Amino acid sequence: MPKVAIYAAATEPALTSPATYSPKYQVPAGPITKDDLGRATWTLLHTLAAQYPDTPTRRQQKDVKALVDLLTRIYPCSDCAKHFRELVRKKPPQVASGEELQQWMCMAHNDVNQSIGKPAFNCKMANARWGTLDCGSELACSMDGGH
Ligand SMILES: Cc1cc2nc3c(=O)[nH]c(=O)nc-3n(C[C@H](O)[C@H](O)[C@H](O)COP(=O)(O)OP(=O)(O)OC[C@H]3O[C@@H](n4cnc5c(N)ncnc54)[C@H](O)[C@@H]3O)c2cc1C
């Protein structure tokens, strides 16, 4: 099936049934909730951290810091952004290696978990949870964006 058709099938239920989710994409069919947004954002951030190189370039280090900084200002949940801003001010992102960034991200997520009454995640399991990425081919999963 062509990609466009798959995407249309995933979003189509929005027109009829706000409570349903696409089984393949878990696309919320109704309004995006704070939780939907959070899960999607954490997926991006942890996946990025898991793919971040052991010896990142200066540019990659700068880019990750910039991404985190942007989120503290434009994340579209103002309470979340404020909380994240305070956290990042106290504990800036650690970007010198993949392991550092993964552990920082886990700590940051746990900080949010704690503030909203959710259990802490065992950061030793971060790589097991987020380390596998399937983009269809090894090259497509590379972080260098084709540069
Ligand atoms: C920057 C940011 C700030 C947020 N601030 C708030 C806020 O102030 N108030 C609010 O109500 N919501 C906030 N959220 C949303 C909140 O963090 C959750 O995403 C949301 O409550 C949905 O939670 P969940 O239980 O589905 O799983 P999520 O917390 O979204 O986690 C998704 C998955 O990540 C894994 N996971 C959990 N913790 C960790 C960890 N520490 N390290 C690695 N993997 C982990 C688990 O497998 C989990 O199923 C924020 C989200 C982000 C991205």
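Against the definition (in the same structural domain as Gly131 (by TED's automatic domain parsing), without any contact (Cβ under 8 Å) to a residue 60 or more places away in the chain and in contact with an Asp or Glu (Cβ under 7 Å, 6 or more places away or on another chain)), how does Ser97 come out, yes or no? The answer is yes for Ser97. Scanning segment 64-85 for residues that are surrounded by 17 or more Cβ atoms within 10 Å (Cβ to Cβ), assigned to a helix (DSSP H, G or I) and within 16 Å of the chain's Cα centre (by Cα) yields a total of 6. Taking segment 109-147 as the range and being small (Gly, Ala, Ser), more than 7 Å from the ligand (Cβ to nearest atom) and not in a loop (DSSP other than H, G, I, E, B) as the test, the residues that pass are Ala128, Ala140. Residue-level check: of (1) within 23 Å of Phe121 (Cβ to Cβ); (2) touching a Phe, Trp or Tyr at 6+ places or on another chain (Cβ under 9 Å); (3) more than 9 Å from the ligand (Cβ to nearest atom), Gln60 misses just (1).
The values are calculated or read from the model by the stated rules, or taken from the named source; none is laboratory data. A quick note: this is a predicted structure, and the numbers were derived from the prediction, not measured. Counting neighbours? That spans all protein chains shown, and the Cβs are built from the backbone with ideal geometry, glycine included.
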